[in-house]
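J.: Right, I'll just put the structure down here and ask away after.
Any read-out appearing in this document is the output of simple, stated calculations on the displayed coordinates, not a laboratory observation. As the structure is a prediction and not an experimental result, all values here were calculated from the model. Here the Cβ is made from the backbone with ideal geometry for all residues, glycine too, and neighbour counts use every protein chain on show.
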Amino acid sequence: MTQVKKIAVLTSGGDSQGMNAAVRAVVRSGLYYGLEVYGIQRGYQGLLNNDIFAMDIRSVGDIIQRGGTILQSARCLDFKTLEGQQKGAQILRDRGIDGLVVIGGDGSYQGAEKLSRLGIKTMGLPGTIDNDISFTDYTIGFDTAVNVVVEAVNKLRDTMSSHERSSVVEVMGRHCGDIALHAGLASGAETILVPEVPYDLNEVADRMKANFDHGKRHSIVIVAEGVGKGEDVATALKERYPSIDPRVTVLGHIQRGGSPTPFDRNLASRLGDFAVRKLIEGESNKGCGVLKGELVLTDIEQVVNTKKPFNMELYELASRLSQ
Ligand code: ADP
Ligand code: F6P
């Protein structure tokens, strides 16, 4: 088994808060263990463009607290083709880079898996606000995104109470309801609509009406984008009861920005260091995660082919507490 000597790191797909902390950890751990470390700008697009540069201790100074990613991110269609993947692997080989840490979501993991088939040792780090990567309890950026949503809902609640109104808040998550679930529970939302759980908007409207009739002064409905548009949910509620006239807030990309929480920074730091140590030990084609607090490695193929289980216990708890 040949030991890795030169590794590279890239960030890919939708960015997430904490990606910088992960890059910092990969670079500093790599250097600590005597490796040469390279950064690849703009994800797989940068790889195909040979946009690769040496990184040192100072290149990752003053970034642990920053959102976004200093390596920038991109979506690259060419890399989905075999020719693109072969070109990428060849560029890495030509530079003597034998290990690659990919920080990104599901799609980025699939790219890493393809590269590993072409002889590059790869490690995936779960970098996405969506928390939709399996074999890790949390993805890097999820906690910060949940904090952004909770802060927004706190503010909405103030004005909704004053006017005895309801509010529909559309949140991100792609096909996953975790941002809606965790932010909804933490903000005491009255209703949480997620793609994983069937719902009936007439029932939601009936409950809201009954709550207002019984003295409730506000009602927050969190809608995961995987369910549909917040605007459509608001229209359906109003059609049933014209007195329910929700204001709609789409939080959008605000959820992807801002300084990462300490939780995300520490998760990113642990996972980045873990990925480097595992590459050195000869592992490849693995996704890194944290399950019940413990660092774990899982075959990337298994990660991308397994749907993350939805936490029904939390969902039911949120329902019980939202009377
Ligand atoms: P995310 O990583 O956040 O899920 P994307 O799905 O957009 O984001 O994937 C990011 C990039 O990963 C894509 O632009 C593409 O370059 C690469 N990628 C996605 N799917 C594949 C695939 N099946 N094979 C190879 N590369 C892929
Ligand atoms: O995967 C992260 C994410 O922010 C999703 O929550 C959302 O559906 C998507 O990316 C938005 O993509 P874009 O940044 O291309 O608008």
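J.: Give, in whole angstrom and from largest to smallest, the semi-axes √(5λ) of the equivalent ellipsoid of the chain, with λ running over the eigenvalues of the Cα gyration tensor.
T.: On the way: eigenvalues 353, 62, 54 Å².
That gives 42, 18, 16 Å for the three semi-axes.
J.: Determine the relative contact order of the chain: mean sequence separation of Cα pairs under 8 Å and six or more apart, normalised by residue count, in whole percent. If you can, show how the numbers build up before the last one.
T.: On the way: 737 pairs, mean separation 76.5, N = 323.
Worked out over the chain, it gives 24 percent.
J.: How large is ³J(HN,Hα), in whole Hz, for each residue of region 3-20 in order, when computed from phi with the Karplus curve 6.51 cos²θ - 1.76 cosθ + 1.60 and θ = phi - 60°, using x for Gly and Pro?
T.: Result, ordered by residue: 7, 5, 10, 10, 10, 10, 9, 9, 10, 8, x, x, 6, 7, 5, x, 4, 5 Hz.
J.: Suppose every K and R has +1 on its Cβ and every D and E has -1 on its Cβ; what is the size of the dipole of region 144-257 about the Cα centre, in Debye to the nearest 20? Before the final figure, lay out the partial values.
T.: Working: 13 positive and 16 negative charges, 59 e Å.
About 280 debye.
J.: Show me the ranking of peptides 159-165, 283-289, 115-121 by mean Cβ neighbours inside 10 Å, starting with the highest.
T.: Numbers: 159-165: 13.1, 283-289: 23.4, 115-121: 18.4.
Ranking, from highest mean packing down: 283-289, 115-121, 159-165.
J.: Can I ask one more? I need the phi-derived Karplus couplings for region 188-194: 6.51 cos²θ - 1.76 cosθ + 1.60, θ = phi - 60°, integer Hz, Gly and Pro marked x.
T.: x, 4, 6, 9, 10, 10, 10
J.: Here's another thing I want to ask about it. So, how do all the Cα-to-Cα distances of region 144-257 break down into 5 Å bins, in percent, from 0 on up?
T.: In whole percents, the pair-distance histogram is 2, 13, 25, 27, 19, 10, 3, 0.
J.: If you rank His182, His218, His175 by fewest surrounding Cβ atoms within 10 Å, what's the result?
T.: Values: His182 25, His218 19, His175 15.
Ascending Cβ contact count within 10 Å gives the list His175, His218, His182.
J.: Just want the ordering: Lys278, Lys292, from fewest to most Cβ atoms lying within 10 Å of their own Cβ.
T.: So the residues, fewest neighbours to most, are Lys292, Lys278.
J.: While we're here: Tell me the mean residue ellipticity at 222 nm calculated for the chain from its helices only (DSSP H runs of n ≥ 4, each -39500 (n - 2.57), averaged over every residue, nearest 500). Can you show the working numbers first?
T.: On the way: 11 runs with 136 residues, N = 323.
Counting only the DSSP helices, I get -13000 deg cm²/dmol.
J.: For a quick check: with amide H placed at 1.01 Å from N, whose amide H comes under 5 Å from Thr139's, ignoring anything fewer than 5 positions away on the same chain?
T.: Asn131
J.: Which far-off residues, 5 or more places away or on another chain, put their amide H under 5 Å from the one on Glu170, with H placed in the peptide plane?
T.: Here Val223, Thr249, Val250, Leu251 satisfy the definition.
J.: Please identify, among Gly43, Gly228, Gly215, the residue showing maximal mean-square fluctuation in a Gaussian network model of the chain using a 10 angstrom Cα cutoff.
T.: Evaluated over the chain, the most mobile residue of the options is Gly215.
J.: Run a plain Debye calculation on region 132-190 (Cα atoms as equal point scatterers, no solvent) and give log10 I(q)/I(0) at q = 0.12, 0.24, 0.26 Å⁻¹, rounded to two decimals, same order as the q list.
T.: So the normalised log intensities are -0.31, -0.97, -1.10.
J.: On a 0 to 90 degree scale, rounded to 10, what angle separates helix 312-321 from the longest Cα axis of the chain?
T.: Tilt of helix 312-321: around 30 degrees.
J.: Taking the alpha carbon gyration tensor of region 58-105, what are the square roots of 5 times its eigenvalues, largest first, to the nearest whole Å? Walk me through the intermediate numbers first.
T.: Working: eigenvalues 131, 49, 12 Å².
The answer is 26, 16, 8 Å, longest axis first.
J.: Taking the 0 to 90 degree range and rounding to the nearest ten, how far is the long axis of helix 142-163 tilted relative to the main principal axis of the chain, both from C-alpha atoms?
T.: Helix 142-163 and the main axis of the chain meet at about 20 degrees.
J.: I want to verify a result. In a Gaussian network model of the chain, Cα cutoff 10 Å, which of these has the top mean-square fluctuation: Pro126, Pro260, Pro242?
T.: So, out of Pro126, Pro260, Pro242, the one fluctuating most is Pro242.
J.: Separate question: With angles folded into 0 to 90 degrees, how steeply does helix 106-117 sit against the dominant principal axis of the chain? Use alpha carbons for both and round to 10.
T.: So the helix axis and the longest Cα principal axis differ by about 20 degrees.
J.: Enter the Cα centre distance for the pair region 223-255 and region 46-69, rounded to the nearest angstrom.
T.: Spelled out, the Cα-based centre of one part sits 39 Å from the other.
J.: What is the order of Val4, Val146, fewest Cβ neighbours within 10 Å to most? Write down the numbers at each step before the final one.
T.: Values: Val4 23, Val146 28.
In increasing order of surrounding Cβ atoms, one gets Val4, Val146.
J.: How large is ³J(HN,Hα) for each residue in region 201-218, as worked out from phi by the Karplus curve 6.51 cos²θ - 1.76 cosθ + 1.60 (θ = phi - 60°), to whole Hz, x for Gly and Pro?
T.: Values, residue by residue: 5, 5, 5, 4, 5, 4, 5, 5, 4, 4, 4, 5, 4, 9, x, 5, 9, 7 Hz.
J.: Going down the list Lys6/Lys80; Lys229/Lys307; Lys209/Lys238; Lys121/Lys286, which pairs span over 18 Å between their C-alpha atoms?
T.: Going by Cα-Cα distance, Lys6/Lys80; Lys229/Lys307 fall outside the 18 Å limit.
J.: Which value, in debye to the nearest 20, describes the size of the charge dipole of the chain about its Cα centre when Lys and Arg Cβ atoms bear +1, Asp and Glu Cβ atoms bear -1, and nothing else is charged?
T.: Here the chain has a charge dipole of around 760 debye.
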